[in-house]
Amino acid sequence: QVQLVESGGGLVQDGGSLRLSCAASGRTFSIYVMGWFRQAPGKEREFVAAINRSGGNTDYADSVKGRFTISRDNAKNTLYLQMNSLKPDDTAVYYCAGSPSDYVGPATRYNYWGQGTQVTVSS
């Protein structure tokens, strides 16, 4: 019984910034790794970033390294994604996800998903 709700999406110009939030509720102790994924129209969902429970281990897709920063505030049960230097190619629905594993890696399975928030970057 975990609920994830994303917020903070919107329309920004090329080069702009946006900060996404993901609020977790329910059995939040079941969540270790949390991550962000995105899906653009006509494309498959892709990994963006992940962070372990302590926040000491992170992973980013090559396409967002140096521009995006994932963080979490466990006291607030909230995950964040700071997105800077946004590009039109970043346009997608962004999904928050949670995993019962504390392993940050490509094999991590995410069991909990939010509804998504739209990010649109205009050129």
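The values are calculated or read from the model by the stated rules, or taken from the named source; none is laboratory data. The structure presented is a predicted model; accordingly, all values stated were derived computationally and were not measured. FYI the Cβ positions are ideal-geometry reconstructions off the backbone, even for glycines, and counts take in every protein chain you see. These area figures cover heavy atoms from the full protein model, side chains too; ligands, DNA and RNA do not enter into them. Shrake-Rupley method; radii C 1.70, N 1.55, O 1.52, S 1.80 Å.
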The stretch 51-123-the stretch 1-45 distance, computed between alpha-carbon centres (Å): 6
At 10 °C and a viscosity of 1.306 mPa s, what translational diffusion coefficient does Stokes-Einstein give for the stretch 53-103, taking Rh as the Kirkwood radius over Cα pairs? Give it in µm²/s as a whole number. 127
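Roughly how many debye, to the nearest 20, is the charge dipole of the chain about its Cα centre, given +1 on each Lys and Arg Cβ, -1 on each Asp and Glu Cβ, and no other charges?
On the way: 12 positive and 10 negative charges, 50 e Å.
Dipole size: approximately 240 debye.
Given a 1.4 angstrom probe, I'd like the percentage of the accessible area of the chain that is carbon and sulfur, rounded to a whole number.
Roughly 45 percent of what the probe reaches on the chain is carbon or sulfur.
Determine, from the Cβ-Cβ distance of Arg67 and Val5 and an R0 of 30 Å, the FRET efficiency 1/(1 + (r/R0)^6), rounded to the nearest 0.05.
Working: r = 24 Å, r/R0 = 0.81.
That gives a FRET efficiency of 0.80.
Mind checking Rg over Rh on the chain, alpha carbons, Kirkwood formula for Rh?
Working: Rg = 13.4 Å, Rh = 14.2 Å.
We get a ratio of 0.94 for the chain.
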Name the most mobile residue of Phe68, Phe47, Phe29, meaning the one with the largest mean-square fluctuation, in a Gaussian network model of the chain with Cα contacts below 10 Å. Phe29
